[in-house]
Amino acid sequence: ESNPFQPREDFEPEALNDLAASIKEQGIIQPITVRKMGYDKYQLISGERRLKASKIAGLDEIPAYIRIANDQQMLEMALVENIQRESLNALEIAMSYQRLIDECELTQEELSQRVGKNRTTISNYIRLLKLPVETQVAIRDSKITMGHARALISIEDEPTQVTILRNIIIKDLSVREVEEIVRNLNRQPAVKKTPELKELPAEIDLKRLNIASRLNTMVNVQLSNKGKGNIVISFNSRNDLLRLLSDLNG
């Protein structure tokens, strides 16, 4: 039977079919791991992807390691083994780390020893769980990379973070480009909104970010309820101002 503690949520059909074809040709290289539940009854600890692919390949028997483990030991073994051996996406790894900390009562130092990763790496993954849902979905669906996500984490304002996320996807921005946008954003003092100013519509905010990205500086738009307002383009020096004026003139 399946492992209720399985950290992997998505099994891509094409990848399963590729693995099934490989198994047909070469067999199972790495046995699955199970625990004995009773007479002729076993529960998966790890290897669900291999099991699914083996069924697609039409196999009746596959090699397996058999262990005896209680639920907590099983959870820890499943999570650690999957983190080390399976190609989980960054979000699944983050959730696995968090579950090991919460459900197995591990410290980050103990977790670091279990999975063979330094504490900074573990901390960076766990921070992904604090991102907005839309950003987490983009990580899960491989629309952005771990590098993009780490750059976005440093933005405290959620609407701004989500707007930059959409800009990454639409413009296919590199991690370096996103890091530069975030640096410019963090250098700019926050603009206090007066009661007369309203939040920018998403379409206008996206255009603002496009201009900021093209000019490589912070651009603020203040919009009143009457449709009036200001566009503020920031610069850090006289040379920076001349560069901006040249870019705008061109």
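The values are calculated or read from the model by the stated rules, or taken from the named source; none is laboratory data. As the structure is a prediction and not an experimental result, all values here were calculated from the model. In this analysis, Cβ positions are derived from the backbone assuming ideal geometry, glycine residues included, and neighbour counts consider all displayed protein chains. Ligands, DNA and RNA are excluded from the accessible area calculation, which covers all protein heavy atoms including side chains. Shrake-Rupley method; radii C 1.70, N 1.55, O 1.52, S 1.80 Å.
Hey, Lys52 hits all of (1) under 15 Å from Val115 (Cβ atoms); (2) assigned to a helix (DSSP H, G or I) but one; which does it fall short on?
(1)
Looking only at the stretch 72-100, count how many residues are of a type outside the set (Gly, Ala, Ser) and without any contact (Cβ under 8 Å) to a residue 12 or more places away in the chain.
Going through the stretch 72-100, the residues of a type outside the set (Gly, Ala, Ser) turn out to be 72-77, 79-86, 88-89, 91-93, 95, 97-100.
Applying the additional criterion that residues be without any contact (Cβ under 8 Å) to a residue 12 or more places away in the chain yields 73.
Here the count works out to 1.
Just to be sure before I move on: is Glu1 touching a residue at least 12 places away in the same chain (Cβ under 8 Å) and either open to solvent by less than 90 Å² (accessible area, probe 1.4 Å) or farther than 30 Å from Val133 by Cβ (or both) in the structure I sent?
Working: touching a residue at least 12 places away in the same chain (Cβ under 8 Å): yes; either open to solvent by less than 90 Å² (accessible area, probe 1.4 Å) or farther than 30 Å from Val133 by Cβ (or both): yes.
Answer is yes for this residue.
Looking only at the stretch 66-80, which residues are surrounded by fewer than 16 Cβ atoms within 10 Å (Cβ to Cβ) and in contact with a Ser or Thr (Cβ under 9 Å, 6 or more places away or on another chain)?
Restricting attention to the stretch 66-80, the residues satisfying the condition of being surrounded by fewer than 16 Cβ atoms within 10 Å (Cβ to Cβ) are 66-68, 70-73.
Across the stretch 66-80, the qualifying residues are Ile66, Arg67.
Which numbered condition trips up Ala149, out of (1) modelled with pLDDT under 90; (2) hydrophobic (A, V, I, L, M, F, W, C); (3) over 20 Å from Gln84 (Cβ atoms)?
Of the numbered conditions (1) modelled with pLDDT under 90; (2) hydrophobic (A, V, I, L, M, F, W, C); (3) over 20 Å from Gln84 (Cβ atoms), the odd one out for Ala149 is (1).
In this structure, is Ser123 surrounded by fewer than 17 Cβ atoms within 10 Å (Cβ to Cβ) and modelled with pLDDT of 90 or more? Break it down into steps so the answer makes sense when it comes.
Values: surrounded by fewer than 17 Cβ atoms within 10 Å (Cβ to Cβ): yes; modelled with pLDDT of 90 or more: yes.
Yes: the conditions hold for Ser123.
Which of the residues spanning the stretch 142-161 are part of a helix (DSSP H, G or I) and open to solvent by 20 Å² or more (accessible area, probe 1.4 Å)?
Going through the stretch 142-161, the residues part of a helix (DSSP H, G or I) turn out to be 146-153, 158-161.
Across the stretch 142-161, the qualifying residues are Met146, Gly147, Arg150, Ile153, Glu158, Pro159, Thr160.
Go over the candidates Ile66, Ile62, Ile101, Ile32 one by one and state the one that is farther than 30 Å from Met146 by Cβ and touching a Leu at 6+ places or on another chain (Cβ under 8 Å). Spell out how you get there, then give the answer.
Working: Ile66 fails: touching a Leu at 6+ places or on another chain (Cβ under 8 Å); Ile101 fails: farther than 30 Å from Met146 by Cβ; Ile32 fails: farther than 30 Å from Met146 by Cβ.
Exactly one residue qualifies, and that residue is Ile62.
Residues being open to solvent by 20 Å² or more (accessible area, probe 1.4 Å), touching a Lys or Arg at 6+ places or on another chain (Cβ under 8 Å), within 13 Å of Ile126 (Cβ to Cβ) and at pLDDT below 85: count how many of those fall in the stretch 81-112.
Number of matching residues: 0.
Restricting the search to the stretch 192-211, which residues are open to solvent by less than 60 Å² (accessible area, probe 1.4 Å) and modelled with pLDDT of 80 or more?
We begin by selecting, within the stretch 192-211, every residue open to solvent by less than 60 Å² (accessible area, probe 1.4 Å); these are 197, 200-201, 205-206, 208-210.
Those that are open to solvent by less than 60 Å² (accessible area, probe 1.4 Å) and modelled with pLDDT of 80 or more: Pro201, Asp205, Leu206, Arg208, Leu209, Asn210.
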